[in-house]
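The values are calculated or read from the model by the stated rules, or taken from the named source; none is laboratory data. As the structure is a computational prediction, the values presented were derived from the model and not from experiment. A quick note on method: Cβ atoms are made from the backbone with ideal geometry, for glycine too, and the neighbour counts reach across all protein chains shown.
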Amino acid sequence: MYLLSSPAVRAEPVRFEENMIEQIYKDFTTPLMNAYNFFATYAKIDQFKAKTNKRYFIHESNGLPDANVLIRMNADEIVLCDAGDSTLAMQIQNLYKTLLGKKIQITTVDTKDICNTTHTESTIIIGSKPIIEKLRKESYGEEKVNASRMIIPLLNYTVTSELDRRILAELHDTIQTVQEHIENYELDQASKVGIDFIEKLTNRYIRRSRRRFWAK
């Protein structure tokens, strides 16, 4: 992480400093480990089991998203909201067949039935802008989610806390920004964004949420 966040990734000279490695360890590694250990401790006490199914929404008017991103979703199903763009669904289906040799089913549902009809491990939902806004608000409230690619991860659980909504919005914005920096070979900038998110997670979110987590 020290090297990734240094000018070395831009082929510029770097003066190696051990104290900077210590600083990275304090700013990134230790807080990340502490956050995980905090979660694991209370998840075990409460016997928490996370839902593993994933849902992604694609804005139909933007056309076929980046193929690499689609493949990483590893979808099992494509759902068309209110008879969405079937051409786009077929393009994604053909992409999976060509690159992965995997067949994914295509189904059509009403917007109100989305949550009740998607039971596969990973689902891609295709629909119009009004639908994407409705589903985004259900997941994140009024928090803004960076949707420049128009692929938005939807939650598989209900969020009622504004703190939760905020950190989830920050998370997806971080993922989006890191991805953009990586694609532009700006690894130092991508690393700094990741470090900044860990600071928000530990010093803002967890610190303000401790009493909630201790409730049980």
Confirm whether residue 51 is at pLDDT 80 or above and part of a loop (DSSP other than H, G, I, E, B).
no
Could you run through segment 54-78 and say how many residues are modelled with pLDDT of 80 or more and small (Gly, Ala, Ser)?
2
Residue among 35, 43 that alone is among the small types (Gly, Ala, Ser), in a helix (DSSP H, G or I) and touching a helix residue (DSSP H, G or I) at 6+ places or on another chain (Cβ under 6 Å)
35
Find all pairs meeting these conditions: Cβ atoms under 9 angstrom apart; at least six residues apart or on different chains; first residue within segment 28-53 and touching a residue at least 24 places away in the same chain (Cβ under 8 Å) and loosely packed, with under 12 Cβ neighbours inside 10 Å; second residue of a type in the set (Phe, Trp, Tyr) and in a loop (DSSP other than H, G, I, E, B).
51/157
So residue 139, is it in a helix (DSSP H, G or I), modelled with pLDDT under 75 and outside the structural domain of residue 198 (by TED's automatic domain parsing)
yes
